[in-house]
Amino acid sequence: MSTQPTQPSQPSLTERRKAATQLDIARAAAELFAERGPDGTTAEEIAGRAGVALRTFYRYFRNKQDAVGPLLAGGGAQWRTHLAGLDPAAGVATALERSIADALTAADDRAVESLEWTRGLLRAAQDDPALRAVWYRVNQESEEQLVPVLARLAGDAADPLDVRLAAAAATDAVRLALETWAATDAPAEGPGSPAALAVHCLRELTGGLRLLAAPQNPQVPPAPPAPPAPRA
């Protein structure tokens, strides 16, 4: 079987418009949650802020917390796309680490804004079980979608269980890094940033995985020391 990356089909105009509408609604929900909290926000207010009818809101989302799903899932989708385009010859460990570091690096103002949206939503989720459920669902879906990407990178000889273990560890590394960072006031770059924390978490979580036992690429910098946990 060929290990060359396959080019994903391009979404149709209708699909792109649908995704854009969902993202507009997600951003409106995140803005209102930041201003008033989930409890102080209604679906009607989110629809109004997004400039869509209430029926359009419910066409895409079950409830107000569900509306932020596209915003939380966007970074994961970009990460998997980047990882899928990497050369399998680099090795799964190197590809995973590099792709996670790249995906969580605040390379421009837009990336910083996206991370700050995530920080605000994760803080709000601490007191909102429905919002936490959306976050956990987004991570579960991301893990499932990561499995075939890692399977291609690992090759046909890889044990499917090892691939699933690597997908679970990588997803949890990103989740834990973002949750830890969100609980602090650390900047989006440098020590204590999502990228630094995620690389540290990945190395700790995957230390015993056979699939990632190959030597690390020396061009990948060592993970910085993890910052102390925030005080309650």
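The values are calculated or read from the model by the stated rules, or taken from the named source; none is laboratory data. A quick note: this is a predicted structure, and the numbers were derived from the prediction, not measured. Note: ideal-geometry Cβ built from the backbone for every residue, glycine included; neighbour counts use all protein chains shown. Please note that ligands, DNA and RNA were not included when accessible areas were found on the heavy atoms of the full protein model with its side chains. Shrake-Rupley method; radii C 1.70, N 1.55, O 1.52, S 1.80 Å.
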Next item on the list: Determine the gain in length on full extension of the stretch residue 140-residue 77; use 0.36 nm per residue of separation and subtract their C-alpha separation, reporting nm with one decimal.
Entry: 21.4 nm
Note to self: With Cα extents along the principal axes in Å as the read-out, I listed (1) 53, 47, 31; (2) 51, 36, 34; (3) 53, 41, 31; which label goes with the value calculated from this structure?
What the structure shows: (1)
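How high is the FRET efficiency from residue 17 to residue 156, r the C-beta distance, R0 30 Å, rounded to 0.05?
On the way: r = 39 Å, r/R0 = 1.29.
My answer for the efficiency is 0.20.
How high is the relative contact order of the chain, in percent, counting Cα pairs under 8 Å that sit 6 or more residues apart? Don't jump to the answer; show the numbers that get you there.
Numbers: 260 pairs, mean separation 47.5, N = 232.
Once divided by the residue count of the chain, the mean separation gives 20 percent.
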Check: Got a number for the accessible area of residue 109? Probe 1.4 Å, square angstrom, nearest 10.
Finding: 130
Check: So what are the radius of gyration and Dmax for the Cα set of the range 1-99, in Å?
Finding: 17.8, 54
Margin query: Placing +1 on the Cβ of each Lys and Arg and -1 on the Cβ of each Asp and Glu in the chain, which of 186, 199, 129 has its Cα farthest towards the positive end of the resulting dipole?
Written below: 129
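Roughly how many Å² is the accessible area per residue of the chain, as a whole number, for a 1.4 Å probe? All intermediate terms of the calculation are to be shown ahead of the outcome.
Working: 12800 Å² over 232 residues.
Each residue of the chain exposes 55 Å² on average to a 1.4 Å probe.
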Next item on the list: Would you mind telling me which residue in 161, 86, 146 has the biggest mean-square fluctuation in a Gaussian network model of the chain, where springs connect alpha carbons within a distance under 10 angstrom?
Entry: 161
Check: Given a 1.4 Å probe and every protein chain left where it sits, what share in percent of the accessible area of the range 113-153 is carbon and sulfur?
Finding: 52
